[in-house]
Amino acid sequence: MDAINAVTWKDKLRGYVKNPFSGFLFVIVVLAALITFAVLLFLISYILVRGIPHLNLRLFEWEYNTANVSMMPAIINTVIMVVLALILAGPLGIFSAIYLVEYAGSGNKLIKAVRVTTETLSGIPSIVFGLFGMLFFVMALGWGFSMLAGAFTLSIMILPLIMRTTEEALMSVPDSYREGSFALGAGKLRTIFRIVLPSAVPGILAGVILSIGRVVGETAALMFTAGTIAQIPHSVMDSGRTLAVHMYALANEGLHVNQASATGVVLLVIVITINWLSGFAAKRLVKGEN
């Protein structure tokens, strides 16, 4: 095995010598990967070093006040916001992608229009979504600053992401799977839900994970729609701040910068945990299908 690897590396080096441009591209790719890893490691280390010393039990008390600046209401609000946004955008995005891939024809003009629309929405800054949510959900519909207004705004933000990732995941499923299912007598709907979707689960979950990350880290859109009140809402029509908004508010006030750093640690842990659990669930689902 070592001899084979050595020969492989020798062949690669000879190829790079013969074609210097390939070697240049290889160096650029390796350098970009190292820089990306170094930046990620620096950010994580910086957040942990600045925030861990300021973590204490008072930050996790049930009710927020100016003395403890507890983040517990913000944590609960974050979970509520993630669940509401995924309930609104998840099924719509997944079933829209199923229609575009499985039912609409490849030359359908509707597909082109939808793709242009989703790509355009993906590039719009979050502050624009926040202004739209404030004008439409908060003011026009009369919902006021509420968790529901924030969830609807975030669902519009993450809908293009879920649609595109689900569409790519469905398109990556080999056509032989569909043909084999049809040959065994299964119908279109049964083939989609029993063959295609299970095979595309890892890709779909990847889009959901990215959507959760955007919801958890969003501030601008929620400040204009959900508000910044540090309390646990009694209903979806009440206002509340998420963890990212809570961290921004503490840092912006300038009175609780250390607590804001501690909040950043908790936010980082939540995001990493969600990513790990989603990846673990995807692996279990794939093994279960196999």
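The values are calculated or read from the model by the stated rules, or taken from the named source; none is laboratory data. Values in this document were obtained by computation on a predicted structure and should not be read as measured data. Positions of Cβ are backbone-derived with ideal geometry, glycine not excepted, and every protein chain shown enters the neighbour counts. For accessibility, only protein heavy atoms count, side chains too; no ligands or nucleic acids. Shrake-Rupley method; radii C 1.70, N 1.55, O 1.52, S 1.80 Å.
As a rough guide to protection, the peptides 240-251, 83-94, 26-37 ranked by mean Cβ packing within 10 Å, highest first, stand as 240-251, 83-94, 26-37.
Couplings 3J(HN,Hα) for the range 182-198, derived from phi with the Karplus relation 6.51 cos²θ - 1.76 cosθ + 1.60 (θ = phi - 60°), are 5, 5, 7, x, 6, x, 4, 5, 5, 5, 5, 7, 9, 10, 6, 4, x Hz, where x marks Gly and Pro. Annotation: extensible slack from Phe95 through Ala32 equals 19.0 nm (criterion: 0.36 nm per residue apart, minus Cα-Cα distance). Using a probe of 1.4 Å, the accessible surface attributed to Asp238 totals some 40 Å² when neighbouring protein chains are kept in position.
Karplus-based coupling profile of the range 260-270, in residue order and whole Hz: 5, 5, 5, 5, x, 5, 4, 4, 5, 4, 4, with θ = phi - 60° in 6.51 cos²θ - 1.76 cosθ + 1.60 and x standing for Gly or Pro.
Could you tell me which residue out of Leu268, Val128, Phe26 lies farthest along the dipole of the chain toward its positive end? Charges go on the beta carbon: Lys and Arg +1, Asp and Glu -1, centred on the Cα centre. My answer, from the dipole projection, is Phe26. The distance linking the range 79-134 with the range 208-246 is 20 Å (Cα centroid to Cα centroid, whole angstrom). Entry comment: accessible area of the range 61-289 is 49 Å² per residue, from protein heavy atoms only and a probe of 1.4 Å. Across the chain, C-alpha contacts under 8 Å between residues 6 or more apart give a mean separation that, scaled by the residue count, equals a relative contact order of 25 percent.
Rounded if a/c is under 1.5, else prolate if a/b beats b/c, else oblate: with a ≥ b ≥ c from the C-alpha gyration tensor eigenvalues square-rooted, which is the chain? Verdict is oblate for the chain. Of the GluC sites (Glu not before Pro) found in the range 42-114, those in coil by DSSP whose Cβ has at most 11 other Cβ atoms within 10 Å are Glu63. Which shape class, rounded, prolate or oblate, goes with the range 188-290 when its Cα gyration tensor gives a ≥ b ≥ c as root eigenvalues, a/c under 1.5 marks rounded, and past that a/b bigger than b/c marks prolate? Prolate is the answer for the range 188-290, as a/c is 1.5 or above and a/b outweighs b/c. Rounded to the nearest 10 degrees, the inclination of helix 2-18 to the longest alpha-carbon principal axis of the chain is 90 degrees. Estimated from helical segments only, the mean residue ellipticity of the chain at 222 nm is -24000 deg cm²/dmol, where each DSSP H run of four or more residues counts as -39500 (n - 2.57).
Here's how it looks for Ile232: its modeled amide H is under 5 Å from none belonging to a residue 5 or more places away or on a different chain.
Compared with the alpha-carbon gap, the fully stretched path from Phe60 to Phe42 is longer by 3.8 nm at 0.36 nm per residue. Protection proxy ranking of 216-227, 67-78, by the mean of other Cβ atoms within 10 Å over each peptide's residues and highest first, is 216-227, 67-78. With a Förster radius of 25 Å applied to the beta-carbon distance between Leu131 and Glu253, the computed FRET efficiency rounds to 0.60.
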